[in-house]
Amino acid sequence: MESKSSSLKKRFYKMFPASPSSQQLTSDTPNPFSSGAIDGYNSIANNAIQISLAALKEGSSLASKIPYIAPIAGLILQVLTMRDEVKQYKAECEVVMQKLIRVAGLLVHVGRSCETHKLKEGDLPAGLRDILKSLQSELDGIKHVLGECAKTKGARSLLLRKDILGKIKQYDATLLNVVEVFQAELLLDIRFALISERREGTHAVPTDVTKSVVQPSLAPPPPQIFFGRDAELAHIIHTIFTNIGSRPARIAILGPGGYGKTTLANAVLSHDRVQEHFQDARYFISCESATSSDALLIQISKTLGFVMGPPDSLWSQIHAALNSKETILCFDNFESPWDQSNEMKRSIEVLLSRITSLRHVTVLVTMRGAERPGQTEWTQPFLDPLGTIGLAAAKEIWRRIAGSYDDFSEKLIMAVDYVPLAVDLLAHLSQVTPPILLWEEWNSRQIKLIGRGDMDRLSNMEYSIQLSINSHRMTTNPDAKDLLGILSMLLDGLHIKQLNKFKGILVDMDMLSCLQVLQQCSLVNLIGDRYQPHPIIRQYCNNQSFTSSTHKTSLEEFYISLACIDMQKATPEAYAEMVLEVNNTKAMLSGFLKSNFSSQPRLVHAIVMFTELCMNIGDFSPTLLDQSVKHMLATKADAPLLIQCLKVWGKVYYSANDMETAKEKFLEAERHCLSSTMDVVHLHGTILNDLGNVYLCQFLLNEASISFQKALELNQASQNIIGQGISHYGLGRTYAGLGMFTEAEVSYQKALELHEAAGDNVEQGNSYQGLGEIYQQQDKLAEAEASYKKALEFQKVANHVMNQGSAHLGLGHIYGHLNRLDDAVASYHKALELHMAANNLYNQGIDHQELGEVYLLMNKENEAEISFHKALELKKAANDVVGQGIALTGLGKVYRKRSQLKRAQGMFEEALNLYAKVQATTWEKEAKWYLDDVLAKGRKAA
């Protein structure tokens, strides 16, 4: 049975594998020492210390004959075990800890190499002995500082914080130098082997030069599963072979992690034209383990198959070889060496520029992010950073990997926004787990589900994202991660118009520099006018805690305050901001419901007010209200809060022309009013008004009258002036439907008086709209026109889009009656524009219907036919049976006018069938008259 120590050692060696000289690096081999990779082990942080303990003990015992290694390993273990004690400075110490874990792995490798080659103290290179000696001193210092961190508390902690943080940063910089020197690991096995040979007299070489012949790396095989990148591949191939003789291409394949940059590069290298032209001079250079220009130079030489030596010697060999024939080099994962300190970045850029200046070398670079390295003139037009691949390509990838595809497969690939790596990993998982079960698991685990096997960038989606989030550019600007968390909370991202507003909300953050870093790292894109994270990045971030509590509180206050603004009283600037932020506000309110917001009454008020705004701009989604009601019931909220939610829920369905569901919600709200022990008379009255409106739309005029009368009594009892006005307005509509125009006018005037006293612009506008309608029915066209114009004026002040459309519709009727047909068309088009903005299908159908009638009067039969067809389509979508009959009647009139009697007959008969279903006798009479006329003309023609 395997011992625990042995098992820990094996796990440690997976984290810190043998050096590339004994284990060939490929594009699939992650670098466990890269700064981004370390955070991938955070989930096993406690185990990492145990693993380090077991493996470092072995490493130090293996190197027992070599001074410094054993005591240094011991010190690292002591420092690692202190990490949980240093909570106050955890963020600052984490970077240092990461480098210590990296050094630990290098020390184990030194121990192994010493044992393998049976080396003693005198055999080690002087430079390595000096580094080991200085490392022991630095570790002593780190141990002392961490001890101070653990001990300091209270006021003394605040006084010492600056000094301690300064020391931590100093040791972080020192460790970086140690790690850079330890890049000798790339040559370590070769150096030790040659030292051993020299000592035994089997191979004499100068002590200052290390040489070894390696085999050149073959170009990778073509990707067998390659979909969705044909356009990018064609762009690259075209760029390569344009002016190839005089100006070889320099192409950067950019984009987020997991988007298929390496796969695309492999497709380029294995393309028929590329193979034919470059033949065996096609090289794929993995840069993942190269963190310095010297290390990158060594990696290039290994790939090209050259003898190794000092940097100058290596460059001479590389330069000569690359100048000898046309070559194409692909530097894969170039961000690993490049995304470092400015000094290191410049040295990498200089090396790259030396290569890209060669006349016979075509260069392809893949790297995370959206920024190309400097000092190289990249070939234009640039290849855009890679996006996702689309549904068709994602489907094909899934089918090729999984062998089957179903509805749940599609739900999964849509959920991950067609990111190639995510689709690939999920498809592999589906080989053993049915997609239906994966989908269930996705709903609870989401992005944590996307992984198979070890934690590396090609096997785990979270790990791949962590590499970008923990990159050098991100860690040097900690606020960028905070802002990424904020942007992930906002469904619509951040609009550029809101930058100044958010600077005031996030006062201690340099937002512009943070946005630049996030874009450079391909974590955020500017899509249109909005900064938005990639959807899969958003999913990852929403499961983390990137946003500081201060910023989160400020953001919550902004959105709850924005949602509470009364749309009717908002300034034009405030209303524009409310519309601009509508999807973000909805997402934040939904989040507040899930997080038990501190003030439930304020949250309900915000949701009610926000829903009024949503209805005004044509958003009738019930999701937020569904969540609200469930939350109220689960928390046993006070009855008034629940009733408010049910009431506004009913209004959403009413605005969407779903009268039956609206009635259900209003009746449910009324039941809670009747059963409540609290004073809800005010709410009960308003709900009866809403029920009255539903009955009116269902042509149930008696029920409407009863509901409005009861509502009026309750609103008078609760002294609700606005409610009383709405009751009178509802009675006015009921009387108008019954042809009682005098009673209707009295009710509208009473409503107008009450709403004027209450200062309610929307309801004053509605009252004038009602007056305009009854004046029109009585052929009082001048009074009707004046009333519609007053209605329009009030609705504009109240920012009520749909009601503005209704006022323009009324004006169109008047102009039609006055034979001002061009004015009528203009008014109907304006009404249509507003009703489209409000997403009101019912009224859009009316607008098209009226346009058709006017076009008939203008003898524009083609335009009339188009308008009636659109009206019919919209009325079907709105489930308006009477409206469908009216549209069919209109089409019948067009065909009658064209003497297409059979077609006209069919339209009128279909209209009559619909009217009969709903007993619409008034409209039935009109259609019957036209049908009889068409039949008579038909008989006469026969």
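Taking the Cα centre of each part, how many Å lie between segment 610-664 and segment 500-568?
That distance is 28 Å.
Rounded, prolate or oblate for segment 477-543? Axes are the square roots of the Cα gyration tensor eigenvalues, ordered a ≥ b ≥ c, and the cut-off for rounded is a/c under 1.5.
Values: a/c = 1.43, a/b = 1.24, b/c = 1.16.
Judged from the Cα gyration tensor, segment 477-543 comes out rounded (a/c under 1.5).
What pairs from Lys789/Lys875; Lys636/Lys710; Lys902/Lys940; Lys630/Lys875; Lys750/Lys789 go past 23 Å between their alpha carbons?
Numbers: Lys789/Lys875 27 Å; Lys636/Lys710 29 Å; Lys902/Lys940 14 Å; Lys630/Lys875 33 Å; Lys750/Lys789 19 Å.
Checking Cα-Cα distances, Lys789/Lys875; Lys636/Lys710; Lys630/Lys875 exceed 23 Å.
Using Cβ counts within 10 Å as a stand-in for footprinting exposure, how do Ile496, Ile450, Ile886 rank, fewest first? Let's see the in-between values first.
Working: Ile496 12, Ile450 31, Ile886 26.
The fewest-first ordering by Cβ neighbours comes to Ile496, Ile886, Ile450.
Rounded, prolate or oblate: pick one for segment 230-368, where a ≥ b ≥ c are the square roots of the eigenvalues of its C-alpha gyration tensor, a/c under 1.5 means rounded, and failing that, prolate if a/b is larger than b/c, else oblate.
Numbers: a/c = 1.79, a/b = 1.19, b/c = 1.50.
Cα axes put segment 230-368 in the oblate bin.
Starting from the Cα gyration tensor of segment 840-941, take the square roots of the eigenvalues, sort them a ≥ b ≥ c, and report rounded, prolate or oblate (rounded when a/c is under 1.5, otherwise prolate if a/b is larger than b/c, else oblate). Each step should come with its number before you reach the end.
Values: a/c = 2.32, a/b = 1.24, b/c = 1.87.
Here segment 840-941 falls in the oblate category.
Just rank Leu912, Leu633, fewest to most, by other beta-carbon atoms within 10 angstrom. Display every interim value, and only then the final one.
Numbers: Leu912 21, Leu633 11.
By the 10 Å Cβ count, ascending, the order reads Leu633, Leu912.
What are the ³J(HN,Hα) values, in whole Hz, obtained from phi via the Karplus relation 6.51 cos²θ - 1.76 cosθ + 1.60 with θ = phi - 60°, for each residue of segment 867-880 in sequence order, with x given for Gly and Pro?
5, 5, 4, 5, 4, 4, 4, 5, 5, 5, 5, 8, 6, 9
Going through the cross-link list Lys411/Lys651; Lys325/Lys395; Lys569/Lys665, which pairs have a Cα-Cα distance over 30 Å in this structure?
Values: Lys411/Lys651 32 Å; Lys325/Lys395 42 Å; Lys569/Lys665 28 Å.
Where the Cα-Cα span goes over 30 Å, the pairs concerned are Lys411/Lys651; Lys325/Lys395.
Name the trypsin sites (Lys or Arg not before Pro) in segment 523-602 that are in a loop by DSSP and that have at most 16 other C-beta atoms within 10 Å, would you? Before the final figure, lay out the partial values.
Numbers: sites: Arg530, Arg538, Lys552, Lys569, Lys586, Lys594, Arg602; in loops: none.
Loop-located and lightly packed - none at all.
Return Thr922, Thr376 ranked ascending by Cβ neighbour count within 10 Å, so the fewest neighbours appear first. Present the calculation step by step, with values, prior to reporting the outcome.
Working: Thr922 8, Thr376 18.
The fewest-first ordering by Cβ neighbours comes to Thr922, Thr376.
Cα centroid distance between segment 353-382 and segment 723-791, in Å?
72 Å
We did not get these values from a lab; they are worked out from the coordinates using the rules stated. Bear in mind the structure is a predicted one, so any value in this text is a computation, not a measurement. Neighbour counts run over all protein chains shown; Cβ positions are idealised from the backbone, glycine included.
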